[in-house]
Number of protein chains: 2
Amino acid sequence: MPDAVRIAADLRAMLGSDAVLTEAEDLVRYESGWRYGKGKALLAVRPGTTAEVSKLMAYCHAQGLRVMPQGANTGLVGASNPDASGEMLVLSLERLNKRLEIDPINRTAVVDGGVLLSSLNEALVAQGLMFPIDLGADPTIGGMIVTNTGGTRLLKYGDVRHNLQGVEVVLADGTVVDALNHLRKNNTGLDLKQLFVGTSGVLGVVTGAVLQVVPVPRQQATALVGCASGEAALALLQALERDLADVFTAYEVISANAIIPVFAHHPDIRNPYGTSQPPAYTALVELSSTLPIEALDLPEVLEERLGAFLEGEAGEGITDVFMGKPEDFWAIRHHISEGLRNEGKVLAFDISVPRSRMAAFTTAAVELLAQDYPFVRACDFGHWGDGGTHLNLVWDEAAAPVPTAELVPVLQARIYELAVKGFEGSYSAEHGVGPHNQRFYDAYTPESVKAVNHALKQLLDPGNLMGTTRLD
Amino acid sequence: MPDAVRIAADLRAMLGSDAVLTEAEDLVRYESGWRYGKGKALLAVRPGTTAEVSKLMAYCHAQGLRVMPQGANTGLVGASNPDASGEMLVLSLERLNKRLEIDPINRTAVVDGGVLLSSLNEALVAQGLMFPIDLGADPTIGGMIVTNTGGTRLLKYGDVRHNLQGVEVVLADGTVVDALNHLRKNNTGLDLKQLFVGTSGVLGVVTGAVLQVVPVPRQQATALVGCASGEAALALLQALERDLADVFTAYEVISANAIIPVFAHHPDIRNPYGTSQPPAYTALVELSSTLPIEALDLPEVLEERLGAFLEGEAGEGITDVFMGKPEDFWAIRHHISEGLRNEGKVLAFDISVPRSRMAAFTTAAVELLAQDYPFVRACDFGHWGDGGTHLNLVWDEAAAPVPTAELVPVLQARIYELAVKGFEGSYSAEHGVGPHNQRFYDAYTPESVKAVNHALKQLLDPGNLMGTTRLD
């Protein structure tokens, strides 16, 4: 076990006493994730500049100390928590949050890795701009990059990777790599930043970034559309996209099993279906645009397009159309997880399949469960516009014939196998790998990909000191 | 020198006699690029399937033969021509063009690496879809990926990287890497395909791809806007983007020096300025949308927005506004290169700088030239919406005090130094590295980036058998 007292003294001398936390009560918040993940930290260090991160990493490298870089620790796969060994130093980015420079003509923002998404957007909105990754949590930009966060408006804006121009990274030995590219086009060989996107910080600490930002939309329009089947929801998606691609920002689809608990547990949220049983699926359609309403009347356009679709052949699968306020409809979507937790034990998945196979995959999953696990209810919802579904499984622990501890790994293995092998899908659409998905990564990743990761790890962190996720 | 006769016999036995070309007159078209690049091939081989590419690569690997993968050879940096040694085997993808599967609900196309862009778009348009990379040339998809092609509508759609979901790659030793990901979201660690995007095929032959495709716009609107200065052109860009981001597909800016020769040498192309001197810059604005004109009247919106801008303070820099047909205005843009070639010796650059620094960079370049090379005329034009400019320098070779062979390397070194060191810019915005830009790559690439490339090259092509570009 490393000598925490000596190390803390060294680091206080190097970075100031404020920067180093050693007391158990101070460490708690660095040890546990926002929702998931729990470990034990040797100590926590909070450098305030890239130069300080560099010094710290050089020190840890020389001492052979393991390091866990951490942003706001809002990830969902445990990738930013120290492990249980108590040997890992948490490198918190929370004080690396001073740089925040906006260039409105270039439409870019240069930020420190520890800047929060909310702080960035607060600064941007004053200039009519925003970073278009839309999330429930409030992560740091560095954390978003190493997770390659997606969010609810990926359909229009893409993920972090699509909105990232450059990065500044500190490597395991303290080397600072300045790849703070401000260019939309720079075709000069390997795009180095890609190595750090979505790789959980195991190849370097992202201390800065150049982000591409977008104008804030001036208007929105939303509808809820009842669909008799998953196929009907896909036909609607395709038809809307053909006409509305430029302004189509979200297409969320919610199964009856996922929407009913929202209304049951939140009587304040209006149920548009009233006392009727909701149809198999409810699609939440969102349009938004930078154009003023005098040029483009989004609610009118959306209503007209939905009407035209209803009149066509594919419209047979549509049971209801409700036009309404974005905040009301999004409230339904945002209360699903909570609604389900009120129903019993929840096992959440973060699956993607090719968009065209979404309905078939869901049907296959429901059939698999009905046959072998009839006490488990499939409550699926998700970003169908992006091919993503949060298949959530719910059961009454007391009534289940199998203890949860035994059931969970079996269900995970079966559902992931179905998604990955049966439907060309992914076991992690947007959350990342991390300790939570490590065994699925190990099982499903081709050897050629592991070999590339191994070569990169050997080059950039040969002592294997960074993070807990193993990609090689 | 490898024994061409023996090798040809081996390859004919392996792939059929059609697949192998050895006669000098047959080899010419594989030895010279569309515009640039010239070398000498040992022979040319045209496999028809990925399995054949794999067999061929395994053979070359075993024999220590150097290979130049080649698509339609339309690149502009010589990266797909064999070198002058006569030792390189050209691996042409022209017959690897059978797979072309469109999934309209997933909005993807799976294609062989040798499929031409024109063939892909022909198949897509029947379904109301297109691959949104808009180019003058007709490259193969594999070539587009290893070049990371941009094009004139990058402002809205991004480059190839932004529209690529997966790749199939054959490595130097013949290993087939199937990374034909069909998912918009798949956050499972390193995104392997990124290693092959923009790296000129030196890490593997791209034999297949999954491309994200988009609905074909239903309408377009274009305007030419005269701008008294580069700053005025940037102010206009920013204002238009704020309102029109969703439908803003191109923003090209042409200097007076670049536009005058178009009209001088093409009297059939209408000069909207008539007999007046064109202003310092002319901006070509294009909007397009999938929305029908009943929902959004693009020409009206564009005219109204330009009118509103003219009335504001920033509108002082605007000299003229012409509304007109897309084909007429694009004809001007597309005849610039030819116009300039009529004026004298042309030295073309493919530079990018942060968009906000475009006007300042151009001014600095013009001043540098005026002072030290007064016989050289700067004729700049380019994709200002993306921060890209094709600064073209033109001079009368007979009248120049310095021979062209001496002048070119000096001008290149000075202009690139200004862009890269003075303006955080790039010496290759969209064309790539290749032999033409090798010495600038060597000079401007950080050692950390070269080290990563070296590790990848050691892993994937340790014998250094693929291509001519050196990224390590």
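Any residue at all in segment B:416-425 that's of a type outside the set (S, T, N, Q) and closer than 21 Å to B:Asp83 by Cβ?
No: segment B:416-425 contains no residue that is of a type outside the set (S, T, N, Q) and closer than 21 Å to B:Asp83 by Cβ.
Step by step: first the residues of segment A:268-316, then only those that are facing chain B (nearest Cβ under 10 Å) and of a type in the set (S, T, N, Q), then the one that is farthest from A:Cys379 (Cα to Cα). Which residue is that?
Filtering segment A:268-316 for residues that are facing chain B (nearest Cβ under 10 Å) and of a type in the set (S, T, N, Q), the one farthest from A:Cys379 (Cα to Cα) comes out as A:Thr290.
Out of (1) buried (at least 24 other Cβ atoms within 10 Å of the Cβ); (2) out of contact with any Asp or Glu (no Cβ under 6 Å at 6 or more places or on another chain); (3) not basic (Lys, Arg), what's the single condition that is false for B:Ala123?
The failed condition is (1).
Within segment A:139-163, work out how many residues are at the interface with chain B (Cβ under 9 Å from one of its Cβ atoms) and under 10 Å from the mean Cα position of the chain (by Cα).
First, the residues of segment A:139-163 that are at the interface with chain B (Cβ under 9 Å from one of its Cβ atoms): A:147-150, A:154-156, A:158-159, A:161-162.
Still in the list and also under 10 Å from the mean Cα position of the chain (by Cα): A:147-150, A:159.
Qualifying residue count for the region: 5.
Okay, residues lined up against (1) closer than 30 Å to B:Gln219 by Cα; (2) in the same structural domain as A:Thr275 (by TED's automatic domain parsing); (3) touching a residue at least 40 places away in the same chain (Cβ under 8 Å); (4) under 24 Å from the mean Cα position of the chain (by Cα):
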{"position": "A:Val176", "(1), (2), (3), (4)": "no, no, yes, no"}
{"position": "A:Leu180", "(1), (2), (3), (4)": "no, no, yes, yes"}
{"position": "A:Ala223", "(1), (2), (3), (4)": "yes, yes, yes, no"}
{"position": "A:Leu234", "(1), (2), (3), (4)": "yes, yes, yes, yes"}
{"position": "A:Asp243", "(1), (2), (3), (4)": "yes, yes, yes, no"}
{"position": "A:Thr249", "(1), (2), (3), (4)": "yes, yes, yes, yes"}
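Residue-by-condition table, conditions (1) among the small types (Gly, Ala, Ser); (2) surrounded by fewer than 22 Cβ atoms within 10 Å (Cβ to Cβ):
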site	(1), (2)
B:Val366	no, yes
B:Tyr373	no, yes
B:Thr389	no, no
B:Ala400	yes, yes
B:Ala405	yes, yes
B:Tyr427	no, no
B:Thr445	no, yes
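Is it true that some residue in segment A:400-418 is assigned by TED's automatic domain parsing to the domain that holds A:Gln371, outside any helix (DSSP H, G or I), on the phi < 0 side of the Ramachandran plot and among the hydrophobic types (A, V, I, L, M, F, W, C)?
Within segment A:400-418, one or more residues are assigned by TED's automatic domain parsing to the domain that holds A:Gln371, outside any helix (DSSP H, G or I), on the phi < 0 side of the Ramachandran plot and among the hydrophobic types (A, V, I, L, M, F, W, C).
Checking B:Glu168 against (1) at pLDDT 95 or above; (2) on the phi < 0 side of the Ramachandran plot; (3) within 10 Å of chain A (Cβ to nearest Cβ), which test does it fail?
Evaluating B:Glu168 over (1) at pLDDT 95 or above; (2) on the phi < 0 side of the Ramachandran plot; (3) within 10 Å of chain A (Cβ to nearest Cβ) leaves (3) as the failure.
Working carefully through the options B:Ile269, B:Ile293, find the one that is surrounded by fewer than 22 Cβ atoms within 10 Å (Cβ to Cβ), touching a strand residue (DSSP E or B) at 6+ places or on another chain (Cβ under 6 Å) and either not charged (D, E, K, R) or not in a strand (DSSP E or B) (or both).
Values: B:Ile269 fails: touching a strand residue (DSSP E or B) at 6+ places or on another chain (Cβ under 6 Å).
Step by step, each of B:Ile269, B:Ile293 is checked, and only B:Ile293 is surrounded by fewer than 22 Cβ atoms within 10 Å (Cβ to Cβ), touching a strand residue (DSSP E or B) at 6+ places or on another chain (Cβ under 6 Å) and either not charged (D, E, K, R) or not in a strand (DSSP E or B) (or both).
Among the residues of segment A:172-198, write down those that are aliphatic (A, V, I, L, M) and more than 8 Å from chain B (Cβ to nearest Cβ).
Result: A:Ala172, A:Val176, A:Leu180.
All but one of (1) of a type outside the set (A, V, I, L, M, F, W, C); (2) touching a residue at least 12 places away in the same chain (Cβ under 8 Å); (3) on the phi < 0 side of the Ramachandran plot hold for B:Gly201; state the number of the condition that does not hold.
(3)
From the set of residues in segment B:451-472 that are farther than 14 Å from B:Tyr441 by Cα and hydrophobic (A, V, I, L, M, F, W, C), which is farthest from the other protein chains (Cβ to nearest Cβ)?
Per the criteria, the residue is B:Leu465.
Only one of (1) surrounded by fewer than 24 Cβ atoms within 10 Å (Cβ to Cβ); (2) on the phi < 0 side of the Ramachandran plot fails for B:Glu252. Which number is that?
Only one criterion is unmet by B:Glu252, namely (1).
The values are calculated or read from the model by the stated rules, or taken from the named source; none is laboratory data. Keep in mind that what you see is a predicted model, and the values were worked out from it rather than measured. Glycine gets a Cβ as well: all are built from the backbone with ideal geometry, and neighbour counts include every protein chain shown.
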